[in-house]
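Down below is the structure, laid out as C-alpha cells.
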Amino acid sequence: MNLQQLEYIVALDKFKSFSRAAETCFITQATLSTMVKKLEEELGTVIFDRKTNPIITTDVGKSIVEEAKKVLLHSSNLKQISSNINAKTEGELRIGIIPTVAGNLLHRILPLLLENYPQLKLTIQEITTSNIVKQLKSGELDVGILSTPLNMPELEEDILYYEKLMVYGKAKQNNTVYLSPKDLTNEKIWLLEQGNCLTNQIVNVCSLTSKQLSSNLKFSPNSFDSLLNIVDNLKGLTLIPELYFADLPEERKANVRDFEAPFPVREISMVYHRPYAKLRLITVLAEEIKQTILPLLHTTKLKNSDMMIAKV
C-alpha cells in the first residue's frame, strides 16, 4: 500500500470513472486500474463495483476512502512540517538509470540539481534494467530511472513521464505515412542489442518476429548513435524516443515520422525499494525531473486514450 494508491481511490470515488480519475492523476487508465486492483487484493476487499456505469463505491469502500483522505491529509501536513524544519536538501542519493534514458535526460536535469541543491551528493550509474532491480533489492541503489511497468509488487513505481516512440529512417516512398506501429511489420527494422528494454518494447508494439528482423548481417548496437548511422547507410527503419528526437540535428529530424493516435509511448518511472530513509531526496529528484521534462513532451498534451504504452 502506498500514498499513490490512496490518491487513486479518492479520485475514483470522486469521479466514478476510471478514465476521468486517470486523467486527473496524470496516469493511464490501465495503470490506475492495476494499482486499485492491487490495493483491493492487499486489503482483501472490493472497494468499487465495476459492473455499474458510473461505478459505485461499495459500503466498505466508502469507509476505506474516508480513511484514505485522512492519511493523505496527514501526509501533506507531515511534508509541510518537514519542509519547514529542514529547508535544505542534503545527503547522498545513489541512482541507477538505463542508457536509453540517461543520454537525453541527465544533461537536462543535472545542471539544475547541482545548482539548486549544492549539499546533495549524487552517485549515478548507467546500467541495465535487470541490474537496477538487483541493486535496488540489495540496497546498493536508492532509486532507479527506467521503463515501466515492471509488474514487480515488491518495487514502488512513480511515473515521471511518457515519451512517444517515433519512426526514424528513409521510407520507401517520401509520402509514406505510418498509421500505427504494425505498419512497420514488412519493413527492415534495426534494433539495439538483444535484452535492451527499448528493443523489447519495439518488438512488442510493432508485433515483430525474429524472421522479420533477420538478415545476412547480425549487428547489435548498444547506442542510438551507432543505430542511426547504420540506418542512414544501410537503409531500413528504427524507432527512437521523443527526447532523443529533440536532441537530433535538423537534417536528421527530417528523417523522422510520427504515428497517428493512439501513439506508442514508453513509460519512464522512478523505481525504489524500501524508500523511506531517502524518501525526501527521491521526491525532490522526481519533482525536478517532472517540472523540467514534462513541458518538452508532446505526450503531456495528449489524453490517455491517445497513448498506447509499449510493454517492457
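The values are calculated or read from the model by the stated rules, or taken from the named source; none is laboratory data. Keep in mind the model is a prediction, meaning the values are calculated, not measured. Ideal geometry is used to build each Cβ from the backbone, glycine not excepted, and the neighbour counts take in all protein chains shown.
See the values below:
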quantity: Candidates Ile282, Ile293, Ile230, Ile289, filtered to the one that is in a helix (DSSP H, G or I), closer than 23 Å to Pro149 by Cβ and in contact with a Pro (Cβ under 9 Å, 6 or more places away or on another chain); calculated: Ile282
quantity: Test: residue in the range 174-185 that is farther than 27 Å from Thr28 by Cβ and either without any contact (Cβ under 8 Å) to a residue 12 or more places away in the chain or touching a Pro at 6+ places or on another chain (Cβ under 7 Å) (or both); calculated: yes
quantity: Yes/no for Leu179 being hydrophobic (A, V, I, L, M, F, W, C) and part of a helix (DSSP H, G or I); calculated: no
quantity: Unique residue being within 26 Å of Leu136 (Cβ to Cβ) and touching a strand residue (DSSP E or B) at 6+ places or on another chain (Cβ under 9 Å) when the list is Arg266, Arg257; calculated: Arg266
quantity: So Gln212, is it modelled with pLDDT of 90 or more and either surrounded by fewer than 18 Cβ atoms within 10 Å (Cβ to Cβ) or of a type in the set (Asp, Glu) (or both); calculated: no
quantity: Lone qualifier among Lys290, Lys278 - being farther than 18 Å from Met308 by Cα, modelled with pLDDT of 90 or more and outside the structural domain of Leu191 (by TED's automatic domain parsing); calculated: Lys290
quantity: Hits in the range 28-58 (condition: in contact (Cβ under 8 Å) with a residue 60 or more places away in the chain and crowded, with 21+ Cβ neighbours inside 10 Å); calculated: Thr28, Thr31
quantity: Breaking point among (1) over 27 Å from the mean Cα position of the chain (by Cα); (2) without any contact (Cβ under 8 Å) to a residue 40 or more places away in the chain, for Lys14; calculated: (1)
quantity: Residue in the range 253-272 that is assigned to a helix (DSSP H, G or I), of a type in the set (A, V, I, L, M, F, W, C) and in contact with a Leu (Cβ under 8 Å, 6 or more places away or on another chain) present; calculated: no
